[in-house]
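One structure is given below, encoded as structure tokens.
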Amino acid sequence: MKTKNIVLYFIALLAFCSCNDMFEPAEENVRQLDDMTEESKYAHGLLMYGYDRLPYITTTTTDVATDDAVTNDKNSNYMYMATGRWAADDNPMSQWDKCKDGIQYVNLFLTIVDKVKWAPSAASKQQMFIDRLTGEAYGLRALLYYYLLQAHGGYADDGVLYGVPLLTQPEDGSSDFNQPRATFADCVKQIFEDCDKAMELLPADYVDIKSTDEIPAKYQKLGAIVSGYNLVFGARSKNLMSAKIAEAIKAQVALLAASPAFRAQSGVTSEEAAKLCANVLTRIGGMDGFDKDGNINWYMNATKLNNKAEFDEILWREDYRLNADQEKENFPPSLYGSGRVNPSQNLVDAFPMRSGKPITEATDYNPNNPYEGRDPRLEKTVLVNGTNFRKVDVVTGTYANSKGENLDNLNKETTSTRTGYYLRKLLRDDVNPLSSSLIEKQHVYPRIRYTEIFLAYAEAANDAWGPKVDGAGVGFTAYDVIKAIRQRAGLGTDAIGMPLPQGDEYLEECAGSQEKMTDLIRNERRIELCFENKRFWDLRRWMLPLNEPIKGMKIEKIDSEKDPTPDNLTYTVIDVETRDYDNSYQCYGPIPKGEVLKWSNLKQNKGWR
């Protein structure tokens, strides 16, 4: 059953059982847990509720609390957080309630999964359903714990790196809720165990088979046939937790644990993290599986999106959705959007020149014509001043466009940009968000992209062995990955895309230094994954400053009698937003204050009160 049915299952679940019902005597006509063994759809609702609590975000939100962007929404909780209101009792990044709820329901499901009559008439189908659903549950629990660790793991005053309380059994009215936090290392160990169990029980992918020979021997012995196997493990189950997804989750957890903020007490090394990432990538042939259009294809290829196609770049995704939500939020006001996410000058400066050199080192960077000759990814990510988008000249300076309009000007309206930039990435240019002539289009929301795993491998491999050492024995190195990513972007080429005689000089320079390669990998990750809600977590696990002041660009026209050209525009970097984070402790998020006050055994992370 596809994840689009989560809400339906949740409604069904609520129809027969509330949280209190689990702890109180049954009332007349209220279904209880015992009923689930006879009515499988209700039992399945528990698992679907676990899916419903997954913490994936389908819009750009958390990036506005980082050095990549600000928002023009004055009521944004993320803006409040970034400007000094982040507290243990006011934490928009918290995963505590949502993930713990999901774990409770998954744990409850695991206690009944092998008692439910999934397919009473066929022993093979019954066992296949038990195996698949159990594997899904273990994979979901691992994922939910990963997000709890990421948001709430940290050092307490006693110097111990803690995770969260580990619960592998459902709680009920007789449970002791005053549980201490397990160590970070023990949480990682539990997540790894859950991922391994999921990988043992689940197929790599959900695809229909054509012959009995393709059925695993253990199910053949039970009399499984092709139609029965496809019913359980076939294409109809696509986008559910699979072995491949569980393996990727394990790799993500390993990268987190091996990062500077956690590695001292996590029990995971960069070498182990690199090997786990390599396991995921070898399933697609390593570098042979690198999608050469993977940086933009999944949000700019209208034909594939309209046909709800699968993208080689996407390992796991949400179901397709027909909407105009992201465009309504982020189109410039001249295109009937609210311009909410405003990319920062900080991020724009992170994009190198087309030659591959940073703007701080390139001789051809012109501050009076700052967007000329830049990394081609910039125009696919950010709407800069003068961009023609949907047949409209988006002017973010202080002057009107060719039609005499100035809605998109810097700080012109409450929906105008604060930085001199608008978001381009993730937006479809064939959407019309105007309610009177609304045109919605299909959108796909990745949960895990292969580019993320390639970058994770590069980061861990470089940290473990250096830029050009294949310590995992998989046939590619950190250098190979970054080279492929930069070549895909068009770096090391001239204005018409022809390779420069000297190639990508900056990459070769970085390849001679592990430290420089670390900085380059982090910058490539920043560019490739920006506005996908990754940056906040990356800065924290790298222990980099959270409080970098946010800059923007003010562009003024000198001679209003002439058309705007580089010769009559002035570019001035401006201060936009001061960030009020405390780098001494806020690389680790807090345990919710209310929980610490309720439960004496629950230690708070150092610095939070």
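Some values worked out for this structure:
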quantity: When residues of the range 303-324 are limited to those that are assigned to a strand (DSSP E or B) and among the charged types (D, E, K, R), the one nearest to E247 (Cα to Cα); calculated: R317
quantity: Residues located in the range 153-193, provided they are touching a His at 6+ places or on another chain (Cβ under 9 Å) and in a loop (DSSP other than H, G, I, E, B); calculated: G163, V164, R181
quantity: Per-region count, the range 348-366, residues out of contact with any strand residue (DSSP E or B) (no Cβ under 7 Å at 6 or more places or on another chain) and either closer than 25 Å to L546 by Cα or open to solvent by 10 Å² or more (accessible area, probe 1.4 Å) (or both); calculated: 10
quantity: Matching entry among N342, N369, N323 (being over 15 Å from G552 (Cα atoms) and open to solvent by less than 20 Å² (accessible area, probe 1.4 Å)); calculated: N323
quantity: Of residues in the range 197-206 being outside any loop (DSSP other than H, G, I, E, B) and over 22 Å from the mean Cα position of the chain (by Cα), the one farthest from E310 (Cα to Cα); calculated: K197
quantity: Condition check for N369: touching a helix residue (DSSP H, G or I) at 6+ places or on another chain (Cβ under 7 Å) and in contact (Cβ under 8 Å) with a residue 12 or more places away in the chain; calculated: yes
quantity: Filter result for S237 (modelled with pLDDT of 95 or more, open to solvent by less than 10 Å² (accessible area, probe 1.4 Å), within 20 Å of the chain's Cα centre (by Cα) and farther than 30 Å from P545 by Cβ); calculated: no
quantity: Among the candidates D97, D68, D90, residue that is closer than 28 Å to A254 by Cβ and open to solvent by 40 Å² or more (accessible area, probe 1.4 Å); calculated: D97
quantity: Any hit, the range 96-119, residues being over 30 Å from V232 (Cα atoms) and touching a Cys at 6+ places or on another chain (Cβ under 8 Å); calculated: no
quantity: One residue from D157, D194 being among the acidic types (D, E), open to solvent by less than 40 Å² (accessible area, probe 1.4 Å) and in contact (Cβ under 8 Å) with a residue 24 or more places away in the chain; calculated: D194
quantity: Per-region count, the range 207-219, residues in a helix (DSSP H, G or I), within 22 Å of T134 (Cβ to Cβ) and either at pLDDT below 95 or open to solvent by less than 80 Å² (accessible area, probe 1.4 Å) (or both); calculated: 2
quantity: Scope the range 115-135; condition hydroxyl-bearing (S, T, Y) and part of a loop (DSSP other than H, G, I, E, B); matching residues; calculated: S121
quantity: Counted residues, the range 120-140 - those being of a type outside the set (S, T, N, Q) and without any contact (Cβ under 8 Å) to a residue 60 or more places away in the chain; calculated: 2
quantity: Residue within the range 374-391 that is within 30 Å of K516 (Cα to Cα) and open to solvent by 60 Å² or more (accessible area, probe 1.4 Å) present; calculated: yes
quantity: Unmet criterion (only one of (1) surrounded by fewer than 19 Cβ atoms within 10 Å (Cβ to Cβ); (2) under 18 Å from V573 (Cβ atoms); (3) not β-branched (V, I, T)) for R418; calculated: (1)
quantity: Some residue of the range 63-80 being within 20 Å of the chain's Cα centre (by Cα), closer than 19 Å to W118 by Cβ and at pLDDT 95 or above; calculated: no
quantity: Failed condition for T414, given (1) among the polar types (S, T, N, Q); (2) modelled with pLDDT of 95 or more; (3) farther than 24 Å from K551 by Cα; calculated: (3)
quantity: Which listed residue is among the charged types (D, E, K, R) and touching a Phe, Trp or Tyr at 6+ places or on another chain (Cβ under 7 Å), from E310, E318, E327; calculated: E318
quantity: Qualifying residue in the range 249-260 (condition: hydrophobic (A, V, I, L, M, F, W, C), in contact (Cβ under 8 Å) with a residue 24 or more places away in the chain, touching a Gly at 6+ places or on another chain (Cβ under 9 Å) and surrounded by fewer than 21 Cβ atoms within 10 Å (Cβ to Cβ)); calculated: no
quantity: Set N295, N306, N279, N301: member being of a type outside the set (D, E, K, R), over 22 Å from the mean Cα position of the chain (by Cα) and either closer than 27 Å to D519 by Cβ or surrounded by fewer than 21 Cβ atoms within 10 Å (Cβ to Cβ) (or both); calculated: N306
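Results for (1) touching a Ser or Thr at 6+ places or on another chain (Cβ under 8 Å); (2) farther than 22 Å from R283 by Cβ; (3) modelled with pLDDT of 95 or more, shown as yes or no for each residue.
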position	(1), (2), (3)
G163	yes, yes, yes
L166	no, yes, yes
G173	no, yes, no
D176	no, yes, yes
Q179	no, yes, yes
F192	no, no, yes
D205	yes, no, yes
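The values are calculated or read from the model by the stated rules, or taken from the named source; none is laboratory data. Quick caveat, the model's predicted, so the values are computed rather than measured. Cβ atoms come from the backbone with ideal geometry, glycine included; neighbour counts cover every protein chain shown. Just so you know, the surface numbers come from the protein's heavy atoms only, side chains and all, with ligands and any DNA or RNA stripped out. Shrake-Rupley method; radii C 1.70, N 1.55, O 1.52, S 1.80 Å.
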